[in-house]
Amino acid sequence: MDFNMKKLASDAGIFFTRAVQFTEEKFGQAEKTELDAHFENLLARADSTKNWTERILRQTEVLLQPNPSARVEEFLYEKLDRKVPSRVTNGELLAQYMAEAASELGPDTPYGKTLIKVSEAEKRLGAAERDFIHTASLSFLTPLRNFLEGDWKTISKERRLLQNRRLDLDACKARLKKAKAAEAKATCEGDTVPDFQETRPRNYILSASASALWNDEVDKAEQELRVAQTEFDRQAEVTRLLLEGISSTHVNHLRCLHEFVKSQTTYYAQCYRHMLDLQKQLGSSQGTIFPGTFVGTIEPASPPLSSTSPTTTAATMPVVPTATGLAPPEEAALCLEEVAPPASGTRKARVLYDYEAADSSELALLADELITVYSLPGMDPDWLIGERGNKKGKVPVTYLELLS
C-alpha cells in the first residue's frame, strides 16, 4: 500500500510538472523544444491523411447506404460484434411490389405482363447492388476503417507519449536553468570576504553552505536532463518511423481505390445490360400492346450478366453507341433510294432539334419541321427512315416527337 501511494504521488507530481510547463509555454513564459521541419511535415501529412480518410469513409458509407437509420443500426451491430441482418435493397423491394401488383391486377393483361418484366429487371438490379455493396465494403471500406481504428490509434498514442517526453525535457531544462542562476548568485555572495571584526561572521558560512547546496542541485538537474533527453530522442525516433509508414498506407489505400472503381464499373455495367435487355423486351412487345404504333424487329434480349464474374463483366462493359455508328453494317450498305415505304405504319413526326447529317445515308433535320417516318425490319430501334419531299434518309428517334 505504501508503494502504491508513493507511485501515485510520483505520478501526480509528474502530471503537475507537465501541466505547469504546458501552461507556461502557452503564455510564452517558458521555452519549448521545437521539432525539425521534416518531422513537422510528417505530422501534418499524417493528420491530413487521417482527416481525409475519415471523410472519404463516411461519404462512401452514405453512397452505399443512403438511409442514416440503417447505417446507425449496422454500426451498433458491428460494435456489439454481432452479424448484421440481411436487408433487401430498394430495387428488390420495388420488384416485390411490382410482382404483387401484377398478380392482383392480372398477370395476363398487358399492364400485368409489363409489371412482371420490369419487376424481374428490378430484382436483378437489386441483386447487382447487393453484390456491389458487399464487394465495396470488403475491398474499400474495411481497409480504411482498419487504418483509423488500428494504425492511427497507435500513431496517436505514440504522439501523446512524445508530447509528454518533450514536456519533461523542457521542464528539466527550465529546472537546470534556475539551478544554475541560483548557484551563480550564491557563488557571488560567497566570494565576498567577511570582516571577522563584525559581530556576525555567520553570514559567510551560510553563503558557502548555500553555494554547495545549489551545486548539488545543478548536478542533479543535469543528470535528469540527460535522462529526459535520451527518452525524448528514443520516443521521437519511434514516432518518426510510424509517421513514415503513412507512405505505405497511401499505397494500400491506392490499391483499395482501384478495387472500388473496378467493383463500381462492374455494377454499372450490369445495370446497363439489365436495363438494355428490359428496354428491348418492352420494345418488342409494344406493337402488340398498342396496335396503332410501329416498331421494327428487335434482337432477342441478351441473357443477364452473372454477378459471379466481375472481371469479365467489367472488361466487356458495353459502350454507348455514337450518333455516327448506330446503324449496323447491313443498314449502312442499304440503298435508301430503293426502299419503298410500307403500305401501313408511316407516321408524322415533329423535329425537336436541328440535326446535321453525318453522311449521305442520313437526313438533315431542322427544328419544328414535320416529316414522315417509318421503320424497316432489322433496323436499330434508335433510328427511323425519314422522308421530306423527295429526300429520304435515316433520322435518330431522340430528335423526334411522334405524332398521330
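The values are calculated or read from the model by the stated rules, or taken from the named source; none is laboratory data. Predicted model only: the values in this text are computed from it and were never measured. Here Cβ is always computed from backbone atoms with ideal geometry, including for glycine, and neighbour counts include all displayed protein chains. What goes into the accessible areas is simple: the full protein's heavy atoms, side chains included, and nothing from ligands, DNA or RNA. Shrake-Rupley method; radii C 1.70, N 1.55, O 1.52, S 1.80 Å.
The table below lists the values:
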quantity: Meets criteria (modelled with pLDDT under 85, assigned to a loop (DSSP other than H, G, I, E, B) and over 49 Å from the mean Cα position of the chain (by Cα)) for residue 377; calculated: no
quantity: Unmet criterion (only one of (1) open to solvent by 50 Å² or more (accessible area, probe 1.4 Å); (2) closer than 18 Å to residue 129 by Cα) for residue 83; calculated: (2)
quantity: Residues (crowded, with 17+ Cβ neighbours inside 10 Å and either without any contact (Cβ under 8 Å) to a residue 12 or more places away in the chain or touching a Lys or Arg at 6+ places or on another chain (Cβ under 8 Å) (or both)) located in region 86-98; calculated: 89, 91, 92, 95
quantity: Out of 223, 229, sole residue that is surrounded by 12 or more Cβ atoms within 10 Å (Cβ to Cβ), modelled with pLDDT of 65 or more and closer than 17 Å to residue 32 by Cα; calculated: 229
quantity: Verdict on residue 138 being open to solvent by 30 Å² or more (accessible area, probe 1.4 Å) and either basic (Lys, Arg) or in a helix (DSSP H, G or I) (or both); calculated: yes
quantity: Candidate set: region 141-156, residues that are open to solvent by 60 Å² or more (accessible area, probe 1.4 Å) and in contact with a Leu (Cβ under 9 Å, 6 or more places away or on another chain); chosen: the one farthest from residue 279 (Cα to Cα); calculated: 154
quantity: Tally of residues being free of Cβ contacts under 8 Å to residues at least 12 places away in the same chain and either hydrophobic (A, V, I, L, M, F, W, C) or surrounded by 11 or more Cβ atoms within 10 Å (Cβ to Cβ) (or both) across region 41-57; calculated: 5
quantity: Test result for residue 254, more than 18 Å from residue 39 (Cα to Cα) and open to solvent by 60 Å² or more (accessible area, probe 1.4 Å); calculated: yes
